[in-house]
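*Asks:* Below: one structure in structure tokens.
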Amino acid sequence: MDQEKISAYFDDPARRAEMISAVSRLVGVKSVRGDAEPGAPFGPGPRTALDEALKLCAELGFAVRDYDHYVGLCDLNDKPTQLHILGHLDVVGEGTGWATDPYTCVEKDGMLYGRGVSDDKGPVCAALLAMKAVRDLGLPVSKNARLILGTDEESGSEDIAYYYAREPYAPQTFTPDADFPVIHIEKGHYCPEFGASWDRTAALPRVSGMTGGFRRNVVPPEARAEVLGLRAADVAPLCPAVENRSGAVFTVTDMVGGVRIHCAGRNAHAASPDDGINAIAALLEVLAALPLADCDSTRIIGGLHTLFPYGDNRGRALGIAQSDEQSGELTLNLALITLSETGFSAQFDARVPLCADRENCAGACEAALERYGITVTKGGEMTHVHVVEADSPLVRTLLECYETYTGVENAKPIAIGGGTYVHDIPGGVAFGCDFPGFDPKMHSANEQASVDNLLLAAKIFTLAIARLCK
Ligand SMILES: [Zn+2]
């Protein structure tokens, strides 16, 4: 039986050492995106990682190709290609708070630590060693599996866009850059920028400035506002009620002619806004309760507060809340705002389910904003939902391989709000490498990967490659 041969192969301590050594080589290269240079479209870091990975693949006996320094290609054989496995070699910056050097892979108690051990250098090695296992074990395949080594997943995926603009898609594709068992639905995006402008006024009290958020796909952890014509003593008593309800923390200080209000929330990914504390929405709660003069900025603050009340992360007040059984609920993150004496601009990030269309989503939102004199200025288009049928041969085969080595019964594919590497690839799914319940601390300090999990993933991938390329 193939499955037992594969198990025995990866249970050999030599494979464990091979896995750790391969991951260590890749983690040793700081492959954060930099400025483009000749021969290095994403900077020298990703280019060096590409060289090192292709060297590793060649040492293992595979035919490799550096595709214009955008991606690397590693082929199982020279037969027609049936499967693309998409991994990436670039990483996000290390940030602070590491207990070890982020660019030295350290093993401790069966755990690997280092930037990229889980995202995505460890999974790349699991896929590579799976290809080697198919060859070493002589599993019968009549088609090629191509491992595509990307170098720009974290900064916009220009790498695979370049490749697929010149080369055909494979009949089947998976990326080991997310979660097991299988992600088959990725919601669409609707992220409009909207705003209004008005004439300067001398009316008091008024909100004269507001800023909040730093990136569209992050729940804003901070927001601040300036209000002319009021004192801290007028504002502070309104804060505790909002603090108790939201968990946000306000700091109110007097300034010349008015008061400054700072709101601290908590960031989270836009696809799971309930995990964060939206500082912009919390600050709007306080601002809308102030005794402000009748003027444009007051009307806008009131309108925004009505349309984006704190805690409404589903677009209910905006009139775009919806869900369907297959892809789940629409989620909304009010992400960015800048307001001055003469206008404002803001942006939200909504992840939309299959049932969302131009009329019930973008159209409904534009109509709601219009009631407050606010117009969509940019980004009013909705992007497609990526969906691969749950009963497709690819999804069914991958789930079977997952069940074989995990003992899980009736594993179900999952729908997510985020986008993975295969969002724009027809028929592509995300498959591993994180097992349910394991926190890899991706993009954070002390990123980790379990060696046992990587070896388990390699077994699953080996069986998957053998079955898909049979
Ligand atoms: Zn990744």
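The values are calculated or read from the model by the stated rules, or taken from the named source; none is laboratory data. In this text the structure is predicted, and so the values were computed from the model without any measurement. Note that we place each Cβ from the backbone using ideal geometry, even for glycine, and neighbour counts take in every protein chain shown.
*Asks:* Cβ contacts < 7 Å: first residue farther than 14 Å from Asp452 by Cα, restricted to segment 111-131; second residue at pLDDT below 95 and more than 12 Å from the ligand (Cβ to nearest atom), any location; separation 6+ or different chain. Result?
*Replies:* Arg115/Glu94
*Asks:* In addition: Which numbered condition trips up Ala196, out of (1) away from the ligand (no atom under 16 Å from the Cβ); (2) within 25 Å of the chain's Cα centre (by Cα); (3) aliphatic (A, V, I, L, M); (4) more than 29 Å from Asn410 (Cα to Cα)?
*Replies:* The number of the failed condition is (2).
*Asks:* Additional query: Which number in (1) more than 12 Å from the ligand (Cβ to nearest atom); (2) within 15 Å of the chain's Cα centre (by Cα); (3) not aromatic (Phe, Trp, Tyr) marks the one condition that Gly407 misses?
*Replies:* Checking Gly407 against (1) more than 12 Å from the ligand (Cβ to nearest atom); (2) within 15 Å of the chain's Cα centre (by Cα); (3) not aromatic (Phe, Trp, Tyr), the one that fails is (2).
*Asks:* Among the residues in segment 12-22, are any touching a Lys or Arg at 6+ places or on another chain (Cβ under 8 Å) and either touching a residue at least 24 places away in the same chain (Cβ under 8 Å) or crowded, with 16+ Cβ neighbours inside 10 Å (or both)?
*Replies:* For segment 12-22, residues touching a Lys or Arg at 6+ places or on another chain (Cβ under 8 Å) and either touching a residue at least 24 places away in the same chain (Cβ under 8 Å) or crowded, with 16+ Cβ neighbours inside 10 Å (or both): absent.
*Asks:* Picking from Val256, Val235, Val218, Val242, which residue would you name as being aliphatic (A, V, I, L, M) and in contact with a strand residue (DSSP E or B) (Cβ under 6 Å, 6 or more places away or on another chain)?
*Replies:* Every option except Val235 fails the conditions.
*Asks:* Separate question: Can you tell me which condition Ala415 does not meet? The list is (1) aliphatic (A, V, I, L, M); (2) in contact with a Cys (Cβ under 6 Å, 6 or more places away or on another chain); (3) more than 16 Å from the ligand (Cβ to nearest atom), and all the others hold.
*Replies:* Here Ala415 clears every test but (2).
*Asks:* Step by step: first the residues of segment 418-446, then only those that are crowded, with 22+ Cβ neighbours inside 10 Å and away from the ligand (no atom under 11 Å from the Cβ), then the one that is farthest from Leu83 (Cα to Cα). Which residue is that?
*Replies:* Gly432
*Asks:* Just one of Gly156, Gly116 is within 16 Å of the ligand (Cβ to nearest atom) and surrounded by fewer than 17 Cβ atoms within 10 Å (Cβ to Cβ); which is it?
*Replies:* Among Gly156, Gly116, only Gly156 is within 16 Å of the ligand (Cβ to nearest atom) and surrounded by fewer than 17 Cβ atoms within 10 Å (Cβ to Cβ).
*Asks:* How many residues are closer than 18 Å to Val219 by Cα and either acidic (Asp, Glu) or buried (at least 22 other Cβ atoms within 10 Å of the Cβ) (or both) if we restrict to segment 272-306?
*Replies:* 13
*Asks:* Here's another thing I want to ask about it. So for segment 159-178 (the condition being within 16 Å of the ligand (Cβ to nearest atom), within 30 Å of Gly61 (Cα to Cα) and more than 21 Å from the chain's Cα centre (by Cα)), does at least one residue qualify?
*Replies:* Scanning segment 159-178 turns up no residue that is within 16 Å of the ligand (Cβ to nearest atom), within 30 Å of Gly61 (Cα to Cα) and more than 21 Å from the chain's Cα centre (by Cα).
*Asks:* If you check every pair at least six apart or on different chains, which have Cβ atoms under 6 Å apart with a residue in segment 139-167 that is closer than 30 Å to Ile6 by Cβ first and a residue that is polar (S, T, N, Q) and part of a strand (DSSP E or B) second?
*Replies:* Lys143/Gln82; Asn144/Thr81; Arg146/Thr81
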